[in-house]
Amino acid sequence: MTKTSAEPGDGKVALSTSPHAIRLRQLALVGVILTLAVWVAYAFLVPMAWAAVLAIAEWPLFRRARARWPGHDGLLSICFAAATALIVLVPLSMAGVSLVQESQAASDWIARVQKTGIAQPPWLAGLPLVGERAAGAWRDYLGTPGGANALLGSISASSVFGWTKSIGAELARELGLFLITLIALASLLSRGDAIRDHGNAVATRMFGEFGEDFLERMIAAVRGTVNGTALVSFGEGALIGVGYFIAGVPQPLLFTLFTMLLALVPFGAWAAFGVASLILIGTGSVLAGALLFGFGVTVMTVGDNVVQPSVIGSAVELPFLLAMIGAFGGLAQMGLVGLFVGPVVMAALLLVWREWIRPRVEGEETRT
């Protein structure tokens, strides 16, 4: 007979004291507390996700450093967080300085063009079939001050500086969130062993042997995705950057930094070196622009289809469609961190699906 905490008729609410009922109430309490915790920390979920991703990616290096200098976990975690800050902030600072300089140059160019028009490229009239018409359209709509004003009338120096100011405000906000990420990263690294032991215990208790294996594979997926994507993107951007310098692209260092960053996004680097190629073609360097575009296509094709799969290895075995959905979907929902979290979520879905369907398939084969 199930016991209760009060006898009927004494005016008190009767609660079952059976182990199952107590367990349900405990789970309900945990659910309420987790919901409240997510609600309170909602604004910091993305920085915490970044910290978790970075901690998983840096953990093997941190463990080697800890083995070499034992007993200094706290100091080492702070050093790793500081190194992460330098790796992120130095390129962004260089890009920010270049953008400020280019915004001034852009505003001067706009003011000059609105007075004189945009000069026609010398190669435009020589295009087969459409050269004369294209040159005439350029003279009518871009080559005169009136045409240039119609195209750029809404753009002024004040609007350019206003755009730069808005970017500065957004950058200040992101830097504040990045500081939270660094603090969380140092904390996660210093307590990494305890966090991993607790995670394994919870996963095993809730899902059995599959839970511990699932957790290990998800950690490997995060580490492989981050390291593979970051290293390959940096290498692709650096190689294409060499092409920028050789081809004579304006502001080649700025284009190189943007290519490295955009290479994290599927097809992002293609847009970067595509714009650089169009700039060269527009200034008359048709051959250099075409060669730069071909070089960029070669680098990205080899990097995305040969190098990156070999670097990531078997940690994330995703079909192209799921990988693309994970990357773009994660980017849309969580920002840049979603590029790493999204594919891992898709990998988790695939792993759970295979674990669920495998026993059924094996059972059917046994019966037949």
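Structure notes:
- Once both labels are positioned 7 Å from their Cα atoms along Cα-to-Cβ, the gap between R63 and S187 label points is 2.4 nm.
- One chain, two ends: A137 and A41. Fully extended at 0.36 nm per residue, the span grows by 28.9 nm beyond their Cα-Cα distance.
- Added length on full extension, which subtracts the Cα-Cα distance from 0.36 nm per residue, V275 to I195: 24.3 nm
- Within region 229-346, the proportion of C-alpha pairs whose separation exceeds 24 Å stands at 29%.
- Theoretical FRET efficiency, 1/(1+(r/R0)^6), r = Cβ-Cβ of L287 and V242, R0 25 Å, to 0.05: 0.90
- From phi via Karplus (6.51, -1.76, 1.60), per-residue ³J(HN,Hα) for region 58-65 in Hz, x at Gly/Pro: 8, 4, x, 5, 5, 5, 5, 5
- Approximating the spin labels as points 7 Å out from Cα along Cα→Cβ, the A28-to-I180 distance works out to 3.2 nm.
- Highest average first, the peptides 269-279, 338-348 ordered by how many other beta carbon atoms sit within 10 Å of their residues are 338-348, 269-279.
- Between L86 and W353, the modelled label-to-label distance comes to 4.4 nm, taking each label 7 Å out from Cα in the direction of the beta carbon.
- Among the protein heavy atoms of region 230-271, carbon and sulfur supply 86% of the accessible surface, probe 1.4 Å, non-protein parts ignored.
- Among M206, M218, the order of accessible area from largest down is M206, M218, computed with a 1.4 Å probe on protein heavy atoms.
- Centre separation in Å (Cα based) which lies between region 243-261 and region 326-354: 30 Å
- Here the translational diffusion coefficient of region 166-288 follows from Stokes-Einstein with Rh set to the Kirkwood radius across Cα pairs; for 4 °C and 1.567 mPa s it amounts to 72 µm²/s.
- Assuming charge only on the beta carbon of Lys and Arg (+1) and of Asp and Glu (-1), the dipole of region 165-304 about its Cα centre is about 360 debye to the nearest 20.
The values are calculated or read from the model by the stated rules, or taken from the named source; none is laboratory data. Keep in mind it's a predicted model, so treat the numbers as computed, not measured. Don't worry about glycine lacking a Cβ; one is built from the backbone with ideal geometry, like all the others, and counts go over all protein chains shown. For accessibility, only protein heavy atoms count, side chains too; no ligands or nucleic acids. Shrake-Rupley method; radii C 1.70, N 1.55, O 1.52, S 1.80 Å.
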